[in-house]
Amino acid sequence: MPQLSADNPPPSRLRALSIGLRARGVAILHQDAEGRYDLAENLPLAWPADIIGKTDAEILPPLLADHITSARRQCVATGLEQIIDFELPEPTRRRRFEARFSPDTPGVVITLFDITDERNREVAVTTLLREVSHRSKNLLAIVQSVAMQTAHHSGDIKDFLDKFRGRLHALSSTQDLVTESNWRGTHFQTLVMSQLARVSPAVLKDTRITGDNPLLGPNASLHIGLAIHELAANAVIHGALAEEQAGHVWVNAQIEKAAGLPEQLIIEWQETGIDTQQVRQAPRFGTMVLERIVPLSVGGSAHFEIDDDKVRYRLAVPSDQFEP
């Protein structure tokens, strides 16, 4: 009976090693002094199966064969490990491998690692970082614009800080909702309730939210959230949600499609039972946000009007800014 040793391991140990290599996507190959394969364990599906006794040129595409042969020769000549990576096609996609050549006189040991998923993750992270950078710059541009316009329409430092803090918190709370959804955006009714609750939780009992509940994209979420903040803050100070008023707010969203035209989301805010003389004292920048900044930012249109005892705001949002 042969003695078991490091050079003569039991079959169970070899099986365990093979299973471990397969689970990690690792293959072990050996080439002799003439560059012929004399060992192949756990070959990937993309690799030719019948390789024992053959050279790179006999089993691989010419460019890849030259690449591997060059690395092997460099390893033998220098006695140093060589590392290369390359792609091989499978029936449904291309897989990427890293090959490490280690000297093993008179040949070399080649360790193959399947790095396809690793490379895909790197690409995904790089893409995500670029997207985060792009969105961060957009958000900073919005904050800068809000700060400048708020300062322009503020009477003193305290007035500026109060207004700017509210608008900054409105953007921040919407950004939290967008981030929690992995940058997909936020649903309209969630956005409205979030902004109302942030201004004053008590106002929710006097607000009715109806209609469709589409998923707003990140850009639409930020700007529509800012519009809801302006409407809600003004309603709490001067309008239907003020303590001295007995008014109500109705918020409705409806996805509409006219004949021959693409879908659009119609958002309507209506306050009733109020003294509109107080509402007319609303800050001018708030009106600019509602009538110009928000519709321009989402590529839509808006209409803001104050009647005898009502406040109405209507925002039309094109279909590329939301998902039904």
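Miscellaneous remarks
- Our coupling estimate for region 230-243, obtained by passing each phi through the Karplus curve with A = 6.51, B = -1.76, C = 1.60 and θ = phi - 60°, is 4, 5, 5, 4, 5, 5, 6, 7, 10, x, 5, 9, 6, 4 Hz, Gly and Pro reported as x.
- Using a simple spin-label model with pseudo-atoms 7 Å out from Cα toward Cβ, Thr126 and Val26 lie 2.6 nm apart.
- Packing-based order for 97-108, 117-128, using average beta carbon neighbours within 10 Å, highest first: 97-108, 117-128
- Simple Cβ-charge dipole of the chain, Lys/Arg +1 and Asp/Glu -1, about Cα centre, in debye nearest 20: 280
- Dipole magnitude for region 11-114: computed about the Cα centre from +1 point charges on Lys and Arg Cβ and -1 point charges on Asp and Glu Cβ, it is near 400 debye.
- Alpha-carbon centroids, region 289-312 and region 89-149: separation in whole Å: 44
- Structure-derived mean projected area of the Cα convex hull in nm²: which label, when the choices are (i) 28.5; (ii) 15.9; (iii) 20.6: (i)
- Listing Val317, Val311, Val76 from fewest to most neighbouring C-beta atoms within 10 Å gives Val76, Val311, Val317.
- Cα gyration tensor shape for region 11-114, rounded if a/c is under 1.5, else prolate or oblate: oblate
- When the square roots of the Cα gyration tensor eigenvalues are ordered a ≥ b ≥ c, the ratio a/c for region 66-186 is 1.5 or more and a/b exceeds b/c, which makes its shape prolate.
- With both labels modelled 7 Å from their Cα along Cα-to-Cβ, the Glu81 to Gln254 distance reads 6.9 nm.
- Additional length obtainable on full extension of the chain from Glu41 to Ile157, 0.36 nm per residue less Cα span: 34.4 nm
- As a rough footprinting exposure proxy, the listed residues Ile267, Ile209 were ranked by other beta carbons within 10 Å of their own, and the order from fewest upward is Ile209, Ile267.
- Net dipole in debye of region 157-323 [+1 Lys, Arg Cβ; -1 Asp, Glu Cβ; about Cα centre; nearest 20]: 380
- Charge dipole of the chain about the Cα centre (unit charges at C-beta), most positive-ward option of Gly211, Thr55, Ile84: Ile84
- All lysines inside 24 Å of Lys137 as judged from Cα atoms, apart from same-chain residues fewer than 8 positions distant: Lys163
- Spherically averaged projected area in nm², based on the convex hull that wraps the Cα atoms of region 176-324: 8.5
- Karplus-based coupling profile of region 174-179, in residue order and whole Hz: 5, 4, 4, 5, 5, 5, with θ = phi - 60° in 6.51 cos²θ - 1.76 cosθ + 1.60 and x standing for Gly or Pro.
- Gain in span if fully extended, Glu180 to Glu118, counting 0.36 nm per residue against the direct Cα distance: 19.8 nm
- Overall form of region 159-199 per C-alpha gyration tensor (a/c, 1.5; a/b vs b/c): oblate
Here, each number is a calculation from the coordinates, and none is a lab measurement. Predicted, not measured: the structure shown is a model, and the values here were computed from it. Note that we place each Cβ from the backbone using ideal geometry, even for glycine, and neighbour counts take in every protein chain shown.
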